[in-house]
Amino acid sequence: MWVHLVSLASTQPLHDPSVRTVIQTSARVAYVATCSSLCWGVFLSTGWISRITGRTAMRKSHATLAVLAIALAGIHAALFLFLDNKNVRFHLATVTIPLSDGGKWRWALGIVGLEIMIAIMISSALQRLFVYRRWLHVHWLSYPAVAAIVVHAWLGAAANGHLATLWLAGLTVLVPTAAIVILRFVPASFLATVGLLTEEPYSHDKQELAITHSHVLTRTAMTISVDNQRCHLYGVCQAEAPNLFELTPGGRLHYVSHVIDEHTDQAKAAARACPMRAIHLSGERPV
């Protein structure tokens with residue numbers, strides 16, 4: 001694909017106004033799609049709008065927005081091969097390797113942000129091959145990636161004289177995105193205290209949110225139970241105790257009900273971290 005674009009670029013007239021228009025349009029739409037994808041990802045991980053739509057639909061919507069943002073950003077970068085800048089001629093290395101061929105820092109931010117997003121997309125497609133905790137850590141790179149892309153977009157707008165045009169529209173998208181991301185890392189107990197999050201149980205779709213047990217035969221001093229009505233399937237328990245909890249792609253939570261001694265610390269960590277306090281630990285031996 002890149003070779004084909006390079007060959008086409010060599011035959012196209014320079015400074016094509018229509019190409020510049022597509023570059024600007026793709027950048028702006030990619031900016032909106034990137035921020036929207038990040039917001040939707042926060043909604044998915046926290047379950048804040050799970051009452052509106054099912055978890056599966058939310059996951060697919062998040063993936064669609066992410067792919068759209070990456071595709072538009074890729075088009076934005078590739079079309080620079082068709083232009084002849086006054087100071088630098090864009091080559092394949094210029095749009096793929098940060099700071100190469102006289103590249104600027106603002107270009108490097110966009111390249112790094114896009115390539116991180118591509119890596120996250122690939123890791124999501126291969127999620128089954130990763131330990132969940134490691135995959136989650138890779139996915140968290142989306143926050144600095146989006147930050148780099150946003151800075152790249154604003155610096156590019158300022159350098160090309162479009163800052164006034166993007167000021168209102170850019171802030172309209174950026175402010176709610178930043179607010180949602182900040183709220184993502186605020187403790188759930190505080191959000192519940194100020195009324196931004198309710199911990200009241202609500203009914204779930206049984207097929208989507210069914211919780212099943214995985215039993216072991218050995219007797220242990222600790223048992224786990226999960227309140228089906230309170231569990232929002234955030235997946236925090238899996239991140240804290242991957243040996244005890246597993247959230248399947250189909251929206252089902254599997255967990256070990258009888259904890260062996262070496263996993264008791266993980267069980268306690270999962271119970272403490274659960275934002276809905278849906279995990280209950282018992283010190284009595286099972287009968």
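For a quick protection proxy, order the peptides 62-75, 95-108 by their average other-Cβ count within 10 Å, most packed first. Spell out each step's value before the answer.
Numbers: 62-75: 18.7, 95-108: 15.7.
Going by the mean number of other Cβ atoms within 10 Å, highest first, we get 62-75, 95-108.
Calculate, in nm to one decimal, what residue 163 and residue 91 gain on full extension: separation in residues at 0.36 nm each, minus their alpha carbon distance. Let's see the in-between values first.
Numbers: separation 72, 0.36 × 72 = 25.92 nm, distance 2.63 nm.
Working it through step by step, the gained length comes to 23.3 nm.
Sorted by packing (mean other beta-carbon atoms within 10 Å per residue), highest first, where do 271-278, 234-241, 259-266 land? Could you put the intermediate results ahead of the total?
On the way: 271-278: 17.6, 234-241: 21.6, 259-266: 15.5.
Packing order, densest peptide first, comes out as 234-241, 271-278, 259-266.
Can you give the extra length, in nm with one decimal, that the chain gains between residue 18 and residue 262 once fully stretched, where that is 0.36 nm per residue apart less the Cα-Cα distance?
Length gained, residue 18 through residue 262: 81.5 nm.
Any read-out appearing in this document is the output of simple, stated calculations on the displayed coordinates, not a laboratory observation. Note that the structure is a prediction, hence the values are computed from the model and not measured. Backbone-built Cβ (ideal geometry, glycine too); neighbour counts: all protein chains shown.
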